[in-house]
There are 2 protein chains.
Amino acid sequence: MSANSRLTIAVHMLSVLELRRRRDHEWSTSEQVAHSVRTNPVVVRRMLGDLRDAGLVESRRGPGAGWRMAHDATEISLADVDDALGAEPAYAMHRNEPNPACPVARGIRPALEPVYARVDDVVRAELARTTLADVFRTTMALAD
Amino acid sequence: MSANSRLTIAVHMLSVLELRRRRDHEWSTSEQVAHSVRTNPVVVRRMLGDLRDAGLVESRRGPGAGWRMAHDATEISLADVDDALGAEPAYAMHRNEPNPACPVARGIRPALEPVYARVDDVVRAELARTTLADVFRTTMALAD
DNA sequence: TCATCTCGTAACAGATGTGGTTACGATAAC
DNA sequence: GTTATCGTAACCACATCTGTTACGAGATGA
């Protein structure tokens with residue numbers, strides 16, 4: 001299984017917050033967000049909870065409570081969202097230690113490390129080029 | 001769970017083939033490769049089987065059989081290996097259809113698609129810059 | 001022909017990650 | 001105090017990946 005749809009879901013949730021805010025609903029409930037994503041409100045609260053811990057959204061409790069974005073959509077990039085989700089790099093080293101008796105096993109990890117670091121850099125740089133406002137604008141334009 | 005150590009393992013296996021070839025062992029068995037990676041020979045045969053289907057390695061059966069690289073290490077890039085493994089993009093769309101009654105749900109996927117496509121492009125481009133020969137050279141240099 | 005070696009591959013178990021669900025306490029508005 | 005909603009634990013279901021056993025297929029050489 002891959003964890004690779006989490007960024008999509010998070011951006012979807014944030015876009016729902018943005019849409020509702022523009023329609024004069026400052027706060028949105030996990031139930032309302034869940035309805036658009038077609039998932040369970042607990043799933044929404046879990047993921048928005050991660051985003052709140054990273055400072056991207058705010059939550060409020062009690063009646064009339066819910067969630068809202070903590071910043072303007074122009075100030076949040078997809079890289080920020082990916083970070084907030086604790087996303088792991090696309091490529092990782094061995095899960096189990098390889099055999100140190102073999103020179104390949106000893107040297108392969110330090111050899112691949114800088115390669116993977118560069119890959120991670122370009123991914124983050126590319127994600128940083130797009131903001132939630134960009135995504136929201138395109139989303140609305142393509143909704144019909 | 002993430003499938004993200006597969007490229008590492010594959011490059012490790014190919015490097016073992018390269019090392020043994022340079023030591024005048026043209027063919028290597030899955031048992032020998034498994035010893036360096038510290039895994040099961042069947043795991044090696046499965047993964048090298050994928051690489052063979054992509055034309056990166058060759059296999060032979062019977063006594064004295066095994067595996068060898070099908071090309072020079074300078075001619076195979078990490079992007080080729082990743083392709084051969086059938087690697088999936090780092091980011092994917094929703095697993096379940098979102099609610100078409102919501103404009104965000106309707107527009108979010110076409111809006112994110114080009115973003116993810118660009119991410120995939122830069123990842124592939126970065127991986128294409130490194131060949132197996134590059135990795136092998138660095139691996140040997142860092143083995144001690 | 002036969003013994004032997006190794007690949008090729010099916011089948012299954014275990015670990016792990018993600019998402020969905022239920023449940024219930026905490027909090028805040030009225 | 002009633003009500004709405006978050007916060008979070010607990011559990012299940014499901015998919016993927018890895019490791020393992022098992023055994024047939026193919027090739028070599030005596």
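The values are calculated or read from the model by the stated rules, or taken from the named source; none is laboratory data. Predicted model, so just to flag it, every value in this text is computed and none were measured. Methodologically, a virtual Cβ is constructed for each residue, glycine included, from the backbone with ideal geometry; neighbour enumeration extends over all protein chains shown. We work out accessible area using only protein heavy atoms, side chains counted, and drop any ligands, DNA or RNA first. Shrake-Rupley method; radii C 1.70, N 1.55, O 1.52, S 1.80 Å.
For the peptide A:48-60, the mean number of other protein chain Cβ atoms found within 10 angstrom of a residue's Cβ is 0.
Roll a 1.4 Å probe over the protein chains and send me the accessible area per residue for segment B:1-101 in Å².
On the way: 5170 Å² over 101 residues.
Solvent-accessible surface per residue comes out at 51 Å².
If you place +1 on the Cβ of every Lys and Arg, -1 on the Cβ of every Asp and Glu, and leave all else neutral, what size is the dipole of segment B:87-126 about its Cα centre, to the nearest 20 Debye? Before the final figure, lay out the partial values.
Numbers: 5 positive and 6 negative charges, 38 e Å.
The dipole magnitude comes to about 180 debye.
With the label put 7 angstrom out from Cα along the Cα-to-Cβ vector, A:R21 ends up 5.6 nm from the copy partners, going from closest to farthest. As a length-normalised measure over Cα pairs under 8 Å and 6 or more apart, the relative contact order of segment A:10-144 settles at 25 percent. Remark: accessible area buried at the A-B interface is about 5100 Å², both chains counted, probe radius 1.4 Å. Per-residue mean of foreign Cβ neighbours for B:125-131 is 4 (Cβ atoms of other chains, 10 Å radius).
Spatially, segment B:23-84 and segment B:118-144 are offset by 18 Å when compared through their Cα centroids.
Filter the GluC sites (Glu not before Pro) in segment A:1-58 down to the DSSP loop ones having no more than 14 other Cβ atoms within 10 Å, then list what survives.
Those that pass, being in a loop and sparsely packed, are A:E26.
The contact residues of segment A:1-35, meaning those that lose at least 40 Å² of 1.4 Å-probe accessible area when all protein chains sit together rather than their chain alone, are A:M1, A:N4, A:S5, A:T8, A:H12. Note on chain B: with neighbouring protein chains present and a 1.4 Å probe, carbon and sulfur make up 48 percent of its accessible heavy-atom surface.
Which is the longest part of chain A that has none of the trypsin sites (Lys or Arg not before Pro) sitting in a DSSP loop with at most 11 other Cβ atoms within 10 Å?
On the way: sites that count: A:R23, A:R61, A:R95.
The answer is A:96-144.
Is segment A:1-84 rounded, prolate or oblate when judged by the Cα gyration tensor, a ≥ b ≥ c being the square roots of its eigenvalues, rounded requiring a/c under 1.5 and prolate requiring a/b larger than b/c?
Numbers: a/c = 1.56, a/b = 1.21, b/c = 1.29.
Oblate.
The calculated Kirkwood hydrodynamic radius for chain A is 17.1 Å, given to one decimal from all distinct C-alpha pairs. Start at zero, step by 5 Å, and the Cα-Cα distances of the protein assembly as shown spread as 1, 5, 12, 15, 14, 11, 9, 8, 8, 7, 5, 3, 1, 1, 0, 0 percent across the bins. Computed 3J(HN,Hα) for segment B:83-90, one whole-Hz value per residue from the Karplus formula 6.51 cos²θ - 1.76 cosθ + 1.60 where θ = phi - 60°, is 4, 4, 7, x, 4, 8, x, 5, glycine and proline marked x.
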